[in-house]
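We did not get these values from a lab; they are worked out from the coordinates using the rules stated. The model shown is predicted, which means the values in this text are computed figures rather than measured ones. Cβ sites come from the backbone with ideal geometry, for glycine too, and all protein chains shown count toward neighbours.
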Amino acid sequence: MVKKTKNIGAALITGAAKRIGREIALNLAAHGYDIAISYNKSEETAKKLAAEIEKKFAVRCEIFQSDLTEKDASKKLALEVIKKFPKWNLLINNASIFNKSKFLSAPDSELFDNLNIHFISPLILAKEFTKNVAAKKVKNAQIINMIDKNIARFDTSYFYYLLSKKNLAELTKMLAVELAPQIRVNGIAPGFILNSIDEKNPSQETQNLIKKIPLQSKGEIENIWQAVEFLLNNNFITGQILSIDGGASLNHAG
């Protein structure tokens, strides 16, 4: 983590109380961004993270409860963020759910929950973000969408999850064209970064999976931050989706 620089804007990271979102929030704060954290059920975790950010980096950090599987939640969240951070200039759509679902047997709620959180929410947030950028003449505005390396595949075991992430990938490219040159829009497609196993005793299944990845290793959350930082710093990139997956999307491993 780098030493904090002068304030360079405000960032909303959805689903930022834990895991990848948390790491991104901490690093952005270290770079001088004020931070807006949206969370659904992890209120105490979000509060602790906000306190840690403000103590370590002397930036503002606000938390916002928002269930982005609800269709009306995104616009409400955007308007609340704008009130707190009128010069909001970075949107990172990170919130996600990850459940198996089969096309014929999954309830309709799986379709709507996945579409709302992975596609409709990023779309609505991007729309409100863009309107505010234009109204307040905000500089250096960017959107980064967290997607999934499996958008290169057509596996149906997570049917509605993958379908909604594929939609988000296409939205990323269309927004990059629509919002240029005022706003750059890019995506990050993580591969095998997180798992719930005991890292000291990885399961045989996990070992077999790693062997299939061209770089034969599991990624780290730091690798995702490196991609975010690259996109933030390179002002001649838009409409791109970076696969941070050790090459797994090349041979459909994992």
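Using a 10 Å cut-off around each Cβ, can you sort Leu168, Leu232, Leu194, Leu175 from fewest to most neighbouring Cβ atoms?
The fewest-first ordering by Cβ neighbours comes to Leu194, Leu232, Leu175, Leu168.
Can you give the local net charge around Lys84? Use residues other than it whose beta-carbon is closer than 10 angstrom to its beta-carbon, Lys and Arg +1, Asp and Glu -1.
Charge balance near Lys84 sits at -1.
Could you tell me the relative contact order of the range 9-251? Use alpha-carbon pairs under 8 Å, at least six residues apart, and round to a whole percent.
Value for the range 9-251: 18 percent.
Could you state the number of Å between the C-alpha centres of the range 1-77 and the range 79-105?
So the separation of the two Cα centres works out to 12 Å.
Could you order peptides 184-193, 214-223, 123-132 by the average number of other Cβ atoms within 10 Å of their residues, highest first?
So the order, starting with the most tightly packed, is 184-193, 123-132, 214-223.
Which ordering of Met146, Met174 is given by a fewest-first count of other beta-carbon atoms within 10 Å?
The fewest-first ordering by Cβ neighbours comes to Met174, Met146.
Please arrange Thr238, Thr206 by how many other C-beta atoms lie within 10 Å of their C-beta, fewest to most.
Thr206, Thr238
Treat every Asp and Glu Cβ in the range 9-251 as -1 and every Lys and Arg Cβ as +1, leave all other atoms uncharged, and give the resulting dipole magnitude about the Cα centre to the nearest 20 debye.
540
Taking springs between alpha-carbon atoms closer than 10 angstrom, which of Ala176, Ala51, Ala11 fluctuates most in the Gaussian network model of the chain?
For the chain, modelled as a Gaussian network with Cα springs under 10 Å, the answer is Ala51.
Taking the Cα atoms of the range 69-184, what is the range of coordinates along each of the three principal axes, in descending order and whole Å?
Principal extents (Cα only, largest first): 47, 27, 17 Å.
Taking the chain, how much of its Cα-Cα pair set, in percent, is spaced more than 32 angstrom apart?
19
Which entries of Lys48/Lys87; Lys83/Lys131; Lys102/Lys166; Lys136/Lys166 have Cα-Cα distances beyond 20 Å here?
Lys48/Lys87; Lys136/Lys166
Within the range 110-127, name every residue whose backbone N is under 19 Å away from a label modeled 7 Å from Cα of Ala180 along the Cβ vector.
Label zone hits: 127.
Taking every DSSP beta bridge that has both residues in the chain, what percent is antiparallel when rounded to the nearest 5?
In the chain, approximately 0 percent of DSSP beta bridges are antiparallel ones.
Calculated from DSSP H runs of 4 or more alone, at -39500 (n - 2.57) each and per residue, what is the 222 nm mean residue ellipticity of the chain, nearest 500?
-13500 deg cm²/dmol
Taking R0 as 41 Å, what FRET efficiency do you get between Glu222 and Ala135 from their Cβ-Cβ distance, rounded to the nearest 0.05?
The computed FRET efficiency comes out at 0.70.
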